[in-house]
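For reference, the structure is listed below as structure tokens.
The values are calculated or read from the model by the stated rules, or taken from the named source; none is laboratory data. Being a predicted model, the structure only gives us computed values, none of them experimental. Cβ placement follows ideal geometry from the backbone for every residue including glycine, while neighbour counts extend to all protein chains displayed.
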Amino acid sequence: MIYTNLLDNLPAIIGLLIAGLWLIHKSIFIAYRLDIITEMFSWLKQKSIIIPSLLFIISPFVSTSIFEISVENVDNFIKAFTPITCVAAYIAYQQYQINRQQLRKSLSEKRLEIYVLAMTLFTSVQMNNSIEIIQDKINSYLPRLFEAEFLFGEEVNQKLREIYDKANELVILKKIIDETNKHGKEQQESNSSEWYNINEGDIKSEAQRNGEKLNICTKQIKEIRKWFEVQTPSEITSLFYPYINLSNIGIDKNKN
């Protein structure tokens, strides 16, 4: 009876004991500037047999308390494991699966939009569309290129950056060619002698430099178009396929 009452009141006893010890510690520290906790640890270090002895004495009480608490918790867990909790757990799991599938679907839709923009820009260059059309495709594509960094792996992102870099370089080169041709035409129409003359200290006339600039830009454009011709839509699609395929959305996959 006494043992049962002791166990029932154990939390209160421990609380009072801790509060009492803290009160005693503070009182002695204020009165004598003596930290009894530090002194006690120093004393226990010198008397190393005391702690094992105390643990040996209280071990039956501690182990009994732990056992009773464990048994009580197991009983409560078994009582709580009713058909209602099973149904609730099943519903929660199904909701988790639905949310997971919705997340995968949302990610796949975002990735599909980027894929469509990339293929639209790619085919626009392959079809030799005007600079204005290609530039318009680039303007739509560029903001999604930054978003793609968080939606695809490195291999896909590298291909997306290559498509943008090549298309943008093509637009810049074509603009340089247009401006160079316009400047040359204006010089020819003005019949400027300086256009053809070689000035002192120069080895080429302005007309010759203008022609070389056109040749360099034209050569670079051919190299870019050759890159687009070598790339095939099926190869690009194969890179995107694992990220946008929705046929197995109901199947648990590691890749989202």
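Look at ILE172 and say whether it is over 25 Å from ASN210 (Cβ atoms), over 29 Å from the mean Cα position of the chain (by Cα) and surrounded by fewer than 17 Cβ atoms within 10 Å (Cβ to Cβ). Break it down stepwise before answering.
On the way: over 25 Å from ASN210 (Cβ atoms): no; over 29 Å from the mean Cα position of the chain (by Cα): yes; surrounded by fewer than 17 Cβ atoms within 10 Å (Cβ to Cβ): yes.
Spelling it out, it is not the case that ILE172 is over 25 Å from ASN210 (Cβ atoms), over 29 Å from the mean Cα position of the chain (by Cα) and surrounded by fewer than 17 Cβ atoms within 10 Å (Cβ to Cβ).
Go through ILE114, ILE78 for me and flag whichever is loosely packed, with under 10 Cβ neighbours inside 10 Å, out of contact with any Phe, Trp or Tyr (no Cβ under 7 Å at 6 or more places or on another chain) and either modelled with pLDDT of 90 or more or not assigned by TED's automatic domain parsing to the domain that holds LYS174 (or both).
On the way: ILE114 fails: loosely packed, with under 10 Cβ neighbours inside 10 Å.
Criteria check complete, one pass: ILE78.
Looking at segment 221-230, is at least one residue assigned by TED's automatic domain parsing to the domain that holds LEU160, modelled with pLDDT under 75 and basic (Lys, Arg)?
First pass over segment 221-230, keeping only residues assigned by TED's automatic domain parsing to the domain that holds LEU160: 221-230.
Restricting the remaining residues to those that are modelled with pLDDT under 75 gives none.
Checked segment 221-230: no residue is assigned by TED's automatic domain parsing to the domain that holds LEU160, modelled with pLDDT under 75 and basic (Lys, Arg).
Please enumerate the residues belonging to segment 222-236 that are assigned to a helix (DSSP H, G or I) and touching a residue at least 40 places away in the same chain (Cβ under 8 Å). Please lay out each step first, then the result.
Applying the first criterion (assigned to a helix (DSSP H, G or I)) to segment 222-236 yields 222-230, 233-236.
If the condition is that a residue be assigned to a helix (DSSP H, G or I) and touching a residue at least 40 places away in the same chain (Cβ under 8 Å), then ILE224, ARG225, TRP227, PHE228, GLU229, PRO233, ILE236 are the ones that fit.
GLU179: at pLDDT 70 or above and under 30 Å from SER108 (Cβ atoms), yes or no?
On the way: at pLDDT 70 or above: yes; under 30 Å from SER108 (Cβ atoms): no.
Here the answer is no, as GLU179 does not meet what is asked.
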